[in-house]
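Asks: Quick one: the structure is below, and I'll ask about it shortly.
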Amino acid sequence: VVTQEPSLTVSSGGTVTLTCGSSTGAVTRGLSPYWIQQKPGQAPRTLIYDTTNKHSWTPARFSGSLLGDKAALTLSGAQPEDEAAYYCMVSDSGPRVFGGGTKLTVL
Amino acid sequence: EVQMVESGGGLVQPGGSLRLSCAASGFTFSHYWMHWVRQAPGKGLEWVANANQDGSEKYYVDSVKGRFTVSRDNAKNSFYLQMDNLRGEDTAIYYCHRGGGGYWGQGTLVTVTS
């Protein structure tokens, strides 16, 4: 089971960290964690892959890392358009597993 | 530009079948794992199935094992999901998803209802 905070709130311009844990142990680079953003009515969009890699469309204010035994997505300088659901996905040697998602609210 | 276009969704009765297709372009299809991911109404993302580059390895989430079959045709740059014995809980948007960077299609809606 992949665990994420169900909801988080951040002030506009503020910083927030979303985490992705595993009930079976540490989330490591070997699990190739992804961070996926989804806004209402839209298809998902990958922001971060393989722990830290960004796409060309990934705003610079998003970054991926490992924090302790979890993967983390840090948003520095939150913008109203960052309000969305964020999903972590990890690789389980073939199958993939999604976390339940974090609903991020930007006030 | 990486692009994936799903098709084949629709309305089907419980126990029925559908075959979803994913047409890929803009990359060397045979180099990547491909996945199907679904999202039930108002719910989160759920990984469904995948296949490795030549289709020799396939994995399924427990809830679809024995009912869904994933396949690919590298000559046609296409990825498929054969869904049999469909249930109401299979109602979802089904997305095609590429490994290695995590590109997504726009999805196709499957509705299972009597």
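Asks: Round to a whole number: what % of the accessible area of chain A belongs to carbon and sulfur, probe 1.4 Å?
Replies: 51 percent
Asks: Separate question: Relative contact order of chain A: what whole-number percent is it, with Cα pairs under 8 angstrom and at least 6 residues apart?
Replies: Relative contact order for chain A comes out at 38 percent.
Asks: What per residue convex hull volume, in Å³, comes out for chain A when only alpha-carbon positions are used?
Replies: Spelled out: Cα convex hull of chain A, divided by residues, is 94 Å³.
Asks: List the residues of segment A:72-107 whose backbone N lies under 15 Å from a point placed 7 Å from the Cα of A:Thr17 along the Cα-to-Cβ direction.
Replies: Hits in segment A:72-107 for A:Thr17 at 15 Å: A:72-77.
Asks: Output wanted: per-residue J couplings in Hz (rounded whole) for segment B:14-19, from phi through Karplus 6.51 cos²θ - 1.76 cosθ + 1.60, θ = phi - 60°, x for Gly and Pro.
Replies: x, x, x, 10, 8, 10
Asks: Using amide H atoms built 1.01 Å from N in the peptide plane, name the residues 5+ places from A:Gly14, or on other chains, whose amide H lies under 5 Å from its own.
Replies: Distant-sequence amide H within range of A:Gly14: A:Gly77, A:Ala78.
Asks: Still on this model: Can you flag which of A:Lys70/A:Lys103; A:Lys70/B:Lys43; A:Lys39/A:Lys70; B:Lys43/B:Lys65; A:Lys39/B:Lys58; A:Lys54/A:Lys103 are past 28 Å Cα-Cα? Numbers along the way, then the final one.
Replies: Working: A:Lys70/A:Lys103 18 Å; A:Lys70/B:Lys43 23 Å; A:Lys39/A:Lys70 24 Å; B:Lys43/B:Lys65 21 Å; A:Lys39/B:Lys58 30 Å; A:Lys54/A:Lys103 21 Å.
With Cα atoms farther than 28 Å apart: A:Lys39/B:Lys58.
Asks: Ok, one more. Could you go through segment A:22-30 in sequence order and give the Karplus-derived ³J(HN,Hα) for each residue, using 6.51 cos²θ - 1.76 cosθ + 1.60 with θ = phi - 60°, rounded to whole Hz, and x for Gly and Pro?
Replies: Couplings: 10, 6, 9, x, 6, 8, 10, 4, x Hz.
The values are calculated or read from the model by the stated rules, or taken from the named source; none is laboratory data. No experiment lies behind these values; they were computed from the predicted model shown. When we count neighbours, we look across all protein chains shown, and the Cβ atoms used for this are built from the backbone with ideal geometry, even at glycine. Protein only, heavy atoms only, side chains kept; ligands, DNA and RNA dropped before computing areas. Shrake-Rupley method; radii C 1.70, N 1.55, O 1.52, S 1.80 Å.
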